[in-house]
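K.L.:
Got a structure here, written out as structure tokens. Questions coming.
The values are calculated or read from the model by the stated rules, or taken from the named source; none is laboratory data. Bear in mind that the values here come from a model prediction, so they are computed numbers and not experimental data. All Cβ positions, even for glycine, are placed from backbone atoms using ideal geometry, and neighbour counts span all protein chains on display. Accessible surface is based on the protein model in full, side chains and every heavy atom, while ligands, DNA and RNA are left aside. Shrake-Rupley method; radii C 1.70, N 1.55, O 1.52, S 1.80 Å.
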Amino acid sequence: MPGPYVVPVHGDVELPKEVDVVVIGGGIIGASTALELAERGLRVALCEKGGIGQEQSSRNWGWVRIACRDPREVPLMAESLRIWDTLDQRTGRDTGFKRAGIIFTSSTDQEFAGHRNWIKNLENYEIEARMLSGQEFRSMYPGTTMNLKGALFTPADARAEPQKAAPAIAEAARANGAAILTECAVRGIETAAGAVSGVVTERGSIACKAVVLAGGAWSSLFVGTLGIHLPQLKVLNSVLRTKPLEGGPEQAMWASDFAFRKRQDGGYTIASGSENVVDIVPKSFRFALDFVPALRKEWRALKFRAGWRFWDEVRIPDRWTLDEPSPFEYCRVLDPKPSTRMSDNALANLRRAFPIFERTQIAQRWGGYMDVTPDAIPVISAVDRIPGFHIATGFSGHGFGIGPGAGRLMADIVTGRTPVVDPKDFRLSRFTDGSKIELITGY
């Protein structure tokens with residue numbers, strides 16, 4: 001099933017022989033990292049096995065939010081919001097960014113108290129967040145049938161167009177001197193005296209002193225060949241978009257049984273607020289112990305499925321030599337079939353809550369794989385035992401909004417600058433150094 005249309009980025013013809021940094025993965029994280037590095041005067045090659053932004057970076061909801069973030073992500077997301085404000089000017093392209101606000105509804109007293117307590121995470125930031133009473137919510141949306149305790153409202157939160165953002169950032173990186181290499185899978189890294197000395201792509205080798213892996217759902221497979229433990233599983237989210245609708249809400253909104261975001265074309269992106277599909281695959285067993293604490297908290301929102309995906313992944317080799325095709329060359333774009341039931345239920349629930357959506361017409365459906373870690377926060381980290389190797393992955397469905405900030409932090413780590421925020425919570429070693437791996441929020 002074809003995913004959403006993504007603004008095309010044509011890859012460079014020539015493969016550079018040598019650069020300072022190779023970034024693997026052309027989603028919003030990889031593109032943002034490449035732009036930050038290129039603006040600092042480094043020679044950069046951005047290598048993407050398929051097309052720029054064609055996987056989860058174009059398939060997400062398009063939310064740019066600090067609301068209900070894991071507290072460990074809040075400082076980086078605050079930085080990312082500042083970057084988004086000037087991103088159109090900086091890239092010279094339209095990303096669809098607009099501060100229109102986001103609402104998290106509270107159906108129960110417990111949810112209301114949880115949202116109210118979360119606001120404390122913004123005490124050190126000049127970012128407005130307030131609780132709406134049930135009456136204030138109904139006054140804000142006079143047509144709603146929802147009978148709520150209230151809602152959390154963050155007016156400064158925003159939206160952007162996933163199909164435009166990563167391509168805009170990648171093109172800006174190219175304008176600053178980066179090589180953009182599409183249909184160019186990286187098979188692996190080369191080392192000299194234990195440190196990074198280059199990468200081998202399907203089109204040849206590139207010498208470099210640093211590599212950033214921003215491979216999304218593919219990252220665990222890539223680092224497995226290097227003996228690196230990166231617990232990461234794919235979770236399927238199903239989305240639909242509608243044709244333009246006059247008079248619909250401006251703010252994005254989350255409820256337990258639906259979520260929506262107004263699109264730049266006047267239509268809406270709609271999905272379930274809590275349901276996702278988890279296919280049982282070989283890595284489900286390999287990483288089972290890592291994910292047990294998270295599963296205990298989130299099992300109600302996960303629909304486990306045993307079927308064809310298990311056998312598909314059994315056939316994927318976990319080892320290969322650098323002179324033979326890698327699995328990344330056999331599957332250029334992850335394009336999973338969405339759950340029609342989940343997205344139809346979300347739309348039906350939305351229509352009951354906001355009758356104006358009865359007039360919506362479905363334009364398209366798609367699925368996307370989120371790359372999830374046990375604590376649902378990313379890895380943005382150097383790899384200590386391979387000097388020059390870095391990882392930026394595992395954004396757990398929250399990567400689109402935080403992407404520009406994550407790119408800045410990754411660039412700081414690569415170049416040795418004082419990091420824009422403390423990267424301690426995002427270190428790779430937390431999975432192996434005896435740290436307590438904790439899923440803090442359920443959002």
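K.L.:
Within the range 161-204, which residues are touching an Asp or Glu at 6+ places or on another chain (Cβ under 7 Å) and farther than 23 Å from GLY407 by Cβ?
P.N.:
ARG187, SER197, VAL200, GLU202
K.L.:
Check off (1) surrounded by 15 or more Cβ atoms within 10 Å (Cβ to Cβ); (2) at pLDDT 90 or above for PRO325 and give me the number that stays unchecked.
P.N.:
(1)
K.L.:
Could you check GLU136 against (1) in a strand (DSSP E or B); (2) of a type outside the set (S, T, N, Q); (3) without any contact (Cβ under 8 Å) to a residue 24 or more places away in the chain and say which number it fails?
P.N.:
Looking at each condition in turn, GLU136 falls short on (1).
K.L.:
Turning to a different aspect of this structure: What tally of residues in the range 164-205 results from selecting those that are under 25 Å from the mean Cα position of the chain (by Cα) and not in a loop (DSSP other than H, G, I, E, B)?
P.N.:
Going through the range 164-205 one residue at a time, the tally reaches 21.
K.L.:
Just give me the residues in the range 253-294 being surrounded by 15 or more Cβ atoms within 10 Å (Cβ to Cβ) and assigned to a helix (DSSP H, G or I), in sequence order.
P.N.:
Within the range 253-294, LYS283, SER284, ARG286, ASP290, PHE291, PRO293, ALA294 meet the criteria.
K.L.:
So which of THR95, THR105, THR154 is under 22 Å from the mean Cα position of the chain (by Cα), open to solvent by less than 10 Å² (accessible area, probe 1.4 Å), among the polar types (S, T, N, Q) and under 16 Å from ARG69 (Cα atoms)?
P.N.:
Among THR95, THR105, THR154, only THR154 is under 22 Å from the mean Cα position of the chain (by Cα), open to solvent by less than 10 Å² (accessible area, probe 1.4 Å), among the polar types (S, T, N, Q) and under 16 Å from ARG69 (Cα atoms).
K.L.:
Here's another thing I want to ask about it. In this structure, is LEU226 without any contact (Cβ under 8 Å) to a residue 40 or more places away in the chain and open to solvent by 10 Å² or more (accessible area, probe 1.4 Å)? Talk me through it step by step, then tell me what you get.
P.N.:
Values: without any contact (Cβ under 8 Å) to a residue 40 or more places away in the chain: no; open to solvent by 10 Å² or more (accessible area, probe 1.4 Å): yes.
Against the criterion (without any contact (Cβ under 8 Å) to a residue 40 or more places away in the chain and open to solvent by 10 Å² or more (accessible area, probe 1.4 Å)), LEU226 does not qualify.
K.L.:
State whether one or more residues within the range 331-340 are surrounded by 15 or more Cβ atoms within 10 Å (Cβ to Cβ), closer than 21 Å to ASN60 by Cβ and among the hydrophobic types (A, V, I, L, M, F, W, C).
P.N.:
Of the range 331-340, the ones surrounded by 15 or more Cβ atoms within 10 Å (Cβ to Cβ) are 332, 334-336, 338-339.
Going one step further and asking which of them are closer than 21 Å to ASN60 by Cβ, we end up with 332, 334-336, 338-339.
The next check asks that each one be among the hydrophobic types (A, V, I, L, M, F, W, C); those that pass are 334.
Checked the range 331-340: at least one residue is surrounded by 15 or more Cβ atoms within 10 Å (Cβ to Cβ), closer than 21 Å to ASN60 by Cβ and among the hydrophobic types (A, V, I, L, M, F, W, C).
K.L.:
Assess whether PRO282 counts as being more than 22 Å from ASN345 (Cβ to Cβ), in contact (Cβ under 8 Å) with a residue 24 or more places away in the chain and touching a helix residue (DSSP H, G or I) at 6+ places or on another chain (Cβ under 8 Å). Spell out the reasoning first.
P.N.:
Values: more than 22 Å from ASN345 (Cβ to Cβ): yes; in contact (Cβ under 8 Å) with a residue 24 or more places away in the chain: yes; touching a helix residue (DSSP H, G or I) at 6+ places or on another chain (Cβ under 8 Å): yes.
Spelling it out, PRO282 is indeed more than 22 Å from ASN345 (Cβ to Cβ), in contact (Cβ under 8 Å) with a residue 24 or more places away in the chain and touching a helix residue (DSSP H, G or I) at 6+ places or on another chain (Cβ under 8 Å).
K.L.:
Count, please, the residues in the range 68-85 that happen to be touching a helix residue (DSSP H, G or I) at 6+ places or on another chain (Cβ under 8 Å) and either of a type in the set (Asp, Glu) or within 19 Å of ILE270 (Cβ to Cβ) (or both).
P.N.:
So the count comes out to 3.
K.L.:
Scan the range 87-138 residue by residue and report those that are touching a strand residue (DSSP E or B) at 6+ places or on another chain (Cβ under 9 Å) and under 23 Å from GLY267 (Cα atoms).
P.N.:
Correct list: GLY96, PHE97, LYS98, ARG99, ALA100, GLY101, ILE102, ILE103, PHE104, THR105, PHE137.
K.L.:
Can you name the strands (runs of 3 or more DSSP E) wholly within the range 362-441 that have at least 1 residues being small (Gly, Ala, Ser), open to solvent by 10 Å² or more (accessible area, probe 1.4 Å) and in contact with a strand residue (DSSP E or B) (Cβ under 8 Å, 6 or more places away or on another chain)?
P.N.:
Result: 362-372, 379-382.
K.L.:
Here is a follow-up. Taking the range 161-188 only, how many residues are open to solvent by 20 Å² or more (accessible area, probe 1.4 Å) and aliphatic (A, V, I, L, M)?
P.N.:
Going through the range 161-188 one residue at a time, the tally reaches 1.
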